[in-house]
Amino acid sequence: MGSKLSIIVFSGTTDKILSAGVLSQAAAAMGSEVNIFVTFWGLLSFTKGEKKMMLPKEFEHMGQAMMEGMAREHVKPWYEMIKEAKEFGAKVYACSMACGVMGIKREDLDPIVDDMVGAAYFLQQAEGGQTLFI
């Protein structure tokens, strides 16, 4: 494929991060350069610790059905998808400004995060490719 996909992960809810996982894993496996920029509420899911399911209020009642469906269809958790994307070369960046605003330090971030960078750096990495905002 040889193209570039950059994903801005703004939300920390499982439904949205799962979408970022699916797209980043598929694009990386197809040979695309993949950059994931995690900012604000998305950062909450990229800190150290257990990765719990978080759904928007309007979908909370569907959490159990979602977990059962994922198990039935052999869908990996979003974290595993992003780890696999990284095995193909994907990069995960935490927004340094949002980390500062939210009091998140580098040592608070999960090891899946490659670096803390500013928006300008991410935009340079994304240049010439497709960018999605999730």
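Only the coordinates and a few stated rules stand behind these numbers; no lab work does. The shown structure was predicted, so the numbers you read here are calculated from the model rather than taken from an experiment. Quick reminder, even Gly has a Cβ in these numbers, built from the backbone with ideal geometry, and neighbours come from all protein chains shown.
What number, rounded to the nearest 500 deg cm²/dmol, is the helix-based mean residue ellipticity at 222 nm of the chain, given -39500 (n - 2.57) per DSSP H run of at least four residues and division by all its residues?
Only helices count here, giving -11000 deg cm²/dmol.
So how much slack lies between residue 3 and residue 58, counting 0.36 nm per residue of separation and subtracting their Cα-Cα distance, in nm?
Stretched out fully, the residue 3 to residue 58 stretch lengthens by 16.2 nm.
Among 119-127, 8-16, how do they line up from the highest to the lowest mean number of other beta-carbon atoms within 10 Å?
Answer by packing, highest mean first, reads 8-16, 119-127.
Loop-only check: which GluC sites (Glu not before Pro) in region 52-83 are DSSP coil with at most 10 other Cβ within 10 angstrom?
Hits after loop and neighbour filter: 73.
Can you give the relative contact order of the chain as a percent, counting alpha carbon pairs under 8 Å and 6+ residues apart?
Answer for the chain is 39 percent.
Find the lysine pairs in the chain meeting two conditions, Cα atoms under 15 Å apart and a separation of 8 or more places or different chains, and report how many there are.
Going through the chain pair by pair, I get 13.
Using a basic spin-label model with each label point 7 Å from the Cα along Cα→Cβ, how many nm lie between residue 44 and residue 70?
Between residue 44 and residue 70, the label points sit 1.7 nm apart.
Equivalent-ellipsoid semi-axes (√(5λ), Cα gyration tensor) for region 30-83, whole Å, largest first?
Ellipsoid semi-axes (Å, largest first): 22, 18, 11.
Could you check how many percent of all C-alpha pairs in the chain are farther apart than 20 Å?
Of the Cα pairs, 43 percent sit more than 20 Å apart.
Enumerate the amide H contacts of residue 7 below 5 Å, restricted to partners 5 or more residues apart or on another chain; note that Pro and chain-start residues carry no placed amide H.
35, 36, 37, 132
For residue 109, which sequence-distant residues (separation of 5 or more, or a different chain) have an amide H within less than 5 Å of its own amide H, given hydrogens modelled in the peptide plane?
HN-HN under 5 Å from residue 109: 48.
Taking the alpha carbon gyration tensor of region 87-134, what are the square roots of 5 times its eigenvalues, largest first, to the nearest whole Å?
That gives 20, 14, 9 Å for the three semi-axes.
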